[in-house]
1. Which of the peptides 39-46, 53-60 is most tightly packed, and how do the rest follow, going by the mean number of other Cβ atoms within 10 Å of each residue?
2. I need two numbers for the range 158-287: Rg to one decimal and Dmax as a whole number, Cα atoms only, in Å.
Amino acid sequence: MSERRRAARDRAGRPDDDHLSSSVEALAVLLDAGISPRSAWEYVAAEATHPALVRAAALVAAGTPPSEALAAAAAGGGMGEKEPPSGGNAGMAAVAAAWAVAEHAGASLAPVLRGAAEALRDRAGAERDIATALAGPRATARLMSWLPLVGVGMAYAIGVDVLGTLIAGPLGWMSAGSGCGLLIAGRSWTRTLVRSAAREGPVPGIRHDLMAIALAAGMSVPSARVTIAQVGRRIGLDAVADGDASVDRVLRIAERAGAPAIELLSAEARQQRRTARADGRRRAELLAVRLLLPLGVCVLPAFVLLGVAPVILGMLSSTVAGLT
């Protein structure tokens, strides 16, 4: 139990791609040392903390070929699953695609796995940058969501019976209903903005990496395209299955210039990862500004309706009662 708790605490402190890249790198080292794939999987599984990799290792131990086990684990499948994967963990899907393409092309697995681990480390670094940039806007969003309830507490603190005032008549009902509706809408809107800023997609540059793997193994460009498309559809990695005009552009440049396409593809993959990292930071910076919209449209009006309006209604009712 204590080991599982320590693993859970460790996972909470590091992005999943960091855990996955460490295990993939270890797998590459073991394969490079001449250890059989099945034994290498057993050794890695004994220390792995990434859930998808643990599932893949269990499938390999049960006799499933590694490429199929990785695909099933990327889709979140378990042992005995027969349906093709259709999504799942993006980092694991990238590893599964790299393994499948290398296996089909006859490439050495160790260098391929090292390249996949490097891509995952880049992605994990981008996740850390984005999480750091989002920390402030997230805290602001949480504080804003409590503002109307703070108003209710302040009203009670000065002696106003907020609940009694809000249910005492039509104006109170309208104020309570509108305030609660705006509060719910503001929280939902804020959550949507935060999720949009923190969204994650496939590993950037994965298609360039897969094309480089296939070409390095001696495959022709048409054969590599067919293989990568088939692997993408089988694993459910849309960024691979749908194709990428950027790969075509790099291949055209390499053909016209007579330059090595593999190096150009690798360079473009690294550039796409840098671009994705910068885009994540930009989204986080924009979030701080966009959060002003739900604050002004929903949260502040809800504060007025739930915290200020009961005070005014209570004062009016007291005044009317005193006059009568």
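Just so it is clear, none of the values below were taken in a lab; they were calculated from the coordinates. Please read these numbers as outputs of a predicted model, since none were measured by experiment. Methodologically, a virtual Cβ is constructed for each residue, glycine included, from the backbone with ideal geometry; neighbour enumeration extends over all protein chains shown.
1. Per-residue mean Cβ counts within 10 Å order the peptides as 53-60, 39-46.
2. Gyration radius and largest Cα-Cα distance of the range 158-287: 26.3, 82 Å.
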